[in-house]
Every structure is written in C-alpha cells, then in structure tokens.
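Colleague: Starting off with a structure, shown below.
Derivation of every value follows stated rules applied to the coordinates shown; laboratory data play no part. Values in this document were obtained by computation on a predicted structure and should not be read as measured data. We place every Cβ from the backbone using ideal geometry, glycine too, and count neighbours over all the protein chains shown.
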Ligand code: SF4
C-alpha cells in the first residue's frame, strides 16, 4: 500500500488555505489543517475537510457532453473531451469570421485556478469581453484604491491595534484564516468596531457596534471623515507631505456630520462620533476587505471614503496598518502572464459596458498604467484581476438584443453564470440566445443545463496550483496535486491552452502548465518541482513606507484624496453620499407596497457562492437543508410566520423566491437577510413543476435582484445587492417539508 502526504491548496473559497492531504493507493484518505504552513497555519473549515466528497460524488461530471435536443431540454450525447474542444474551436472560428473576436465572451468563478490563463486566451483572441465573478465583489474594490494610493491594501492583522469590520464576519467555517488572525489580534487586546444591519458573531465582543440600515455604509464613513477632520484627529504630517486635495476634501465633508449620518443609518450620532475617534486614535488600525461595500449602487464612493480614511489617519504602509506590498520580485505576475499588451487599442474600445462604467474597464487600466509602471514596474496592474472587465449585465444585453453588437458565444468556467450575477431572467434570456455556450464545471449546474457543450473540470485536489494571491501580496506557494482526475476531465488551465492552440495561438502557450510554472519561477531560480516538494512557499520580509523612496503609484505620486483619475474620467473626484435606488427617501411610495428591506450576498458556512457539490454533499447539506431568510420575530408575527415556515420574498421586480423563515432577534425588524446562490441539485432532471434548471427559480437571490443601470454604481457598474425593498408573505399552500431528502 502506498501512502503519502501532499501539501495542497484548497481553492473552494478565496482564502486558499494550505492543507495536508493524506493519499493512500491514489485515493484521498483525509484532509487536515497544516500546522507548519508558513502562510495559513491551522486554517481549515468543513468545506475543506469534506472536499474529497465532491470528487467522488455520483453527480460529478466525468465526460464531455454535447447538446443534441433543444437548448435546455436535457438531451445530451457523451463525446470525448478532444472532440468537444475540436468542435468548440471550429464554431468559434466561424463566429469570429462572421462578427469579429469581440463576439466571444468569457467568465469564470472562484474554484478555477485559471483566471490569468483565460484572460491570456481572450487577449490573444482579440476579445475585450472577459469578465468574472469578481465583478460582483472583491475585484471591484481594487480600482478606487489604485486611484487613491496606487495599490490594493492588505491589513497587517499581526500588529494592528484596531480592527473595523464592515458587515464582514469571518468565522471558524468561513474565511477561517482571517478569523484566526482577527482572533489573535483581539486576544492581544486590539479594539474592535463592528457595523452591520444585524448582530453578527462579532457584535457582542465589539468595543463599538453600529447597527445600521442596509446600504448606508458610506453615510457613516463620510461622517467619520468629517469628525476626523473637524477634531483634527488626522495625521497632519502625512497629510501635508503625502496627499493632495485635503482642502477640497475638508470642504466637501463639512455637510456630512454624525447627526446627518444618524438620520440615514439609524445609528446614534454619538456612537458614530465615538467610533470615528476610536478608529483615528487607536492606531495602527485596519479596515479589512469585506464584500459589503462592493454591493451597492454607491460602492465606488463608499470605497473611496474607505481609502481616504486609511490615508488621512496615517495607516498606509505602516506596521499594523494597511500594507501596500507590491509584487514579489521572484515570480512573474499574473498580469504579465495575461499578455494584456497584446489586445489592440481598437479592440479594447469595444469592451461591453465601457461606454458607461469606465472605472473597471480598459480605459482606466490604460490611465493607471504609467504611474503603476513607474512605482511597481507593471503597466497593466490587475491585482485580484480587478481591471479591464466587461460589464456582465451589458454582456447579457448584447447577447439578447445585439446591441451595441452581438455577443454570440460565452465560455463559462466554474461559474454558474445564471446564479452568480443579478437578474437571472436577463442572464437566461441572453444565454438562451447564444450560438455557442460552453460550460466547464464539476457538476451539471443550472447554467450547464442550457449549454451546447459541458466540459468536465478537475478539482483542486486533482491539479497542481502555483498560487500568488492574485498579485495582491508578494507571496507565492506551490500546492501539489493530490490525486489523479478522471481521464476525460480537463485541467482548468489546459482548457485555455487547448482552445488557444486550435485557434492559432500555439506559439504563445507553454506546452503544459508545469512548463508555465517553471517559466514564471525562473527569477527565483526555482523549478515547479522544487517549489512544490521542497520550498513550498516564499514570502519576503515586509518593508514599510516604501512610498518614501518611490512615491505612490498615482499620477501625482501622492495619495490623491481628490482623484485626478476620477476627474479625467468625468466622475466625482471626491466621495459623496448617493441615495440608494430603493431607499424610502428616494422612493417613499415603496413604504406602502414593499415595506421591508432585504440584503443578500453574504457568504454561507457550508458552501461558497452557488457551489453545487457543496449542496449535494450530505455532510454539508444536512447542516443547512433549506435556504433560510432571517427575519425579526416581531415582523414574522405580524406576517403570521412561525420559525420554519416557507415564505415568499418579493422584490420590486415583481419576482419572488421561496425561503424558510428563520426567526432571529439579531436582525432589525425592518430588515430581512436573503441567502446567496441557492439552487437544488437534487432536483436536476426532475419533471416536477418548478424543478426546471434544478429549481433555480425557486430560491435563488439572483432571481429577485435588478441589473439595470439605475441599480448600478455609475463609475464601475457595481450592482445593488443590499438595501432593496421587498414584501414578505406566507407561502399560500402552507408550510412545506424540507426540499431535500437527507
Ligand atoms: S476557509 Fe475552508 S473553503 Fe476556504 S480555503 Fe480554507 S478550507 Fe478551503
């Protein structure tokens, strides 16, 4: 019997824990935390320990499938992966010949390790219509930071004295490594400020907890800036020497008093004032990334307020503050691998959505290029792939209407597209109108069910992974392949190479992913073999205040409180309050028709986003059998809902989804929490009413979300997932049993 232990990287969520996988006779026996891991020691959650259940699940795709009936009819022919790739490439050639390369789009999701490879393929193809789920969170956080101080910050949890959590609640079963870092900091005595519409797992231990209305984050953040300036709590020396636009900022912030913010957020003015003081005077302080600010039609201004707070309090690039770490010198970056320079200026201009939402598009990547190159040596700095993305809703519209031109093909990799962006109906209408939809996944997701070709993917246990934190921090590690994938499953990275070779890109692709890794590791004098079996990881010593030698990576070389990039693009160069699209201030009439407010987009404990195999795995699904809507008991009482009752949540779109009531005093009486990404894999293929596309329309939050421009952030096109009006009512036919047979 052979037995070995592999150092693997879990890619189930964005933490990417380093884990120990014990393999016996080619099969996974256990997955455990790795106490010796240099980056994420002892970090693991139930999604990681159960990962082997995904690859051995009976629903796991092991062969390529070709649609033979009507789209979505569920009729498939099993073919070889090679044949599928050949046919897909031929179809793409035909579409490109007819409508140009921009008629091809692509999107991918978290569990893929091939984001840079997909962008390389698209750049070489000549299509600017590349996007990914980072458009909805994470990646859309980066550009406001780059515009303000030239890099995306990373919190120094190990030395900080104050942590601010904006609705962000890492726990033992979600974002585990970050949970452990925060726990250590709190054990050391760091202060904690928490803001959230509901009491979360940190509220009780917080020094200050602001219970706010959903989607009002920028109001209290602007008030914090007001207090910090008015009370002269800012770092005067830093502001004087290293920022521009402070006077304009101070003038703009005068109107945003804590009393003003209290009216909007519902949090007491004195608590807003006290939290501003605590943040400014208990430094070094950090405000870690969390998804909440990314989910609003005023996201960009919220994110700008955050960057300004970090800057004027002197927390940039100091121990215990917000590190601007730059690139690892020993590994070529993701954005270099993407070959962004190969996409021509003419093709860049065709990026869908760039006419309205410029900040996350090619136009901004070009504008930030010179300063990024000067300071960081990278012209096309796509940290966390956060730049030059096509706007998803504009892609669905181009598929559906042909405006401004037809998008005729989409390659969707490890991304349940129908359920990963807002407005499932819009996405569905677009995808159904495609000439070619290719889905690569581990399971027949709802999106796969309407594809022309389904390609069987590999799981992270089955592939090597050179992981460099998407150029966010200068760290890289080598995750070993633990077991062999089924023969016909295609490595995520190889999909792009294989298609590229068939479409004339052969000379631009390494022969294998390991060859590509060797090439990228050359500056380190390492091979992939040596990294993955001996060195494991590399993290150079952290240095601070690098800007004193290089300046900041902005056009002025300083922190741009007044952003020249924003001004050049025609956007407000200073942050301001923008009323959410469905607030009861903007639309008071909604108080009568849709009296409650809902928010969604939160991470769940047992699966990441819409990950189907998590919901198919008994060990996980038994912990959360149904999608639950958190609602206050008083509100539930008024609606005649008891704990466990099924209820409809209906948005102003007129669409509704069915969720189980979860009565909880932790939420505000006017606020309902809707879970993210639900579908029911167990109903796949069923003819029961409502079971189409694995009952996608029954409980998916995307069904009731909007994606029209009114609901998009005007700078980046970010979508409003929070603070939306709804009504809740009991399911007419009474309380249903569980929808899942455990
Ligand atoms: S937190 Fe859990 S799911 Fe995320 S990488 Fe770690 S083990 Fe995997």
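Colleague: If each residue's Cβ is checked for other Cβ atoms within 10 Å, how do 339, 186 rank with the fewest at the top?
Modeller: Ranking 339, 186 by Cβ neighbours within 10 Å, fewest first, gives 186, 339.
Colleague: Now for a separate question. In Å and from the alpha-carbon atoms only, list the Rg and Dmax of region 325-407.
Modeller: Using the Cα atoms of region 325-407, the pair Rg, Dmax is 14.3, 47 Å.
Colleague: Separate question: Please give the FRET efficiency for residue 75 paired with residue 586, using the beta carbon to beta carbon distance and R0 = 51 Å, rounded to the nearest 0.05.
Modeller: Plugging the Cβ-Cβ distance into 1/(1 + (r/R0)^6) gives 0.60.
Colleague: Between residue 366 and residue 255, how high is the FRET efficiency from 1/(1 + (r/R0)^6) when r is the Cβ-Cβ distance and R₀ = 45 Å? Nearest 0.05.
Modeller: 0.85
Colleague: Moving to a separate point now. Could you work out the relative contact order of the chain, using alpha carbon pairs under 8 angstrom and six or more residues apart, expressed as a whole percent?
Modeller: Once normalised by length, the contact order is 18 percent.
Colleague: Now for a separate question. Which of 327, 220 comes first, and how do the rest follow, when ranked by fewest Cβ neighbours within 10 Å?
Modeller: Ascending number of Cβ neighbours within 10 Å: 327, 220.
Colleague: How do 146, 558 rank when sorted from fewest to most other Cβ atoms within 10 Å of their own Cβ?
Modeller: 558, 146
Colleague: So what's the gap between the Cα centers of region 1-34 and region 575-646, to the nearest angstrom?
Modeller: After rounding, the separation between the Cα centres reads 35 Å.
Colleague: At residue 541 and residue 205, where each label point lies 7 Å from the Cα along Cα→Cβ, what is the point-to-point distance in nanometres?
Modeller: 3.2
Colleague: Considering the alpha-carbon set of region 121-246 alone, what are its Rg and its Dmax in angstrom?
Modeller: Using the Cα atoms of region 121-246, the pair Rg, Dmax is 18.1, 55 Å.
Colleague: Now, a different point. Return the distance in nm (one decimal) between the two label points of a simple spin-label model at residue 729 and residue 639, each offset 7 Å from Cα along Cα→Cβ.
Modeller: The two pseudo-label positions are separated by 1.2 nm.
Colleague: Also: Among 585-598, 519-532, what's the highest-first ranking by average C-beta atoms within 10 angstrom per residue?
Modeller: 519-532, 585-598
Colleague: Just how many % of Cα pairs in region 631-714 lie over 23 Å apart, if you round to the nearest whole percent?
Modeller: That fraction is 33 percent.
Colleague: Please work out the C-alpha center-to-center distance from region 308-375 to region 479-525 and express it in whole Å.
Modeller: A separation of 25 Å, based on Cα centres.
Colleague: Next question, about the same structure. Take the alpha carbon atoms of region 61-90, find their center, do the same for region 127-194, and report the distance between the two centers in whole angstrom.
Modeller: Computed from Cα coordinates, the inter-centre distance equals 40 Å.
Colleague: Now for a separate question. In region 590-730, how does Rg compare with the Kirkwood Rh, expressed as the Rg/Rh ratio over alpha carbon atoms?
Modeller: Answer for region 590-730: 0.97.
Colleague: Now, a different point. For the chain, give me the percentage of DSSP beta bridges that are antiparallel, rounded to the nearest 5 percent.
Modeller: Within the chain, antiparallel bridges account for around 50 percent of the total.
Colleague: Mind computing the radius of gyration and Dmax over the alpha-carbon atoms of the chain? Å is fine for both.
Modeller: Taking only Cα atoms of the chain, I get Rg and Dmax of 24.5, 73 Å.
Colleague: Can you give the three extents of the C-alpha atoms in region 661-700 along their principal axes, from longest to shortest, in whole Å?
Modeller: 39, 16, 14 Å, listed from the longest principal axis down.
Colleague: Packing-wise, with mean Cβ within 10 Å as the measure, how do 154-163, 208-217 rank, highest first?
Modeller: 208-217, 154-163
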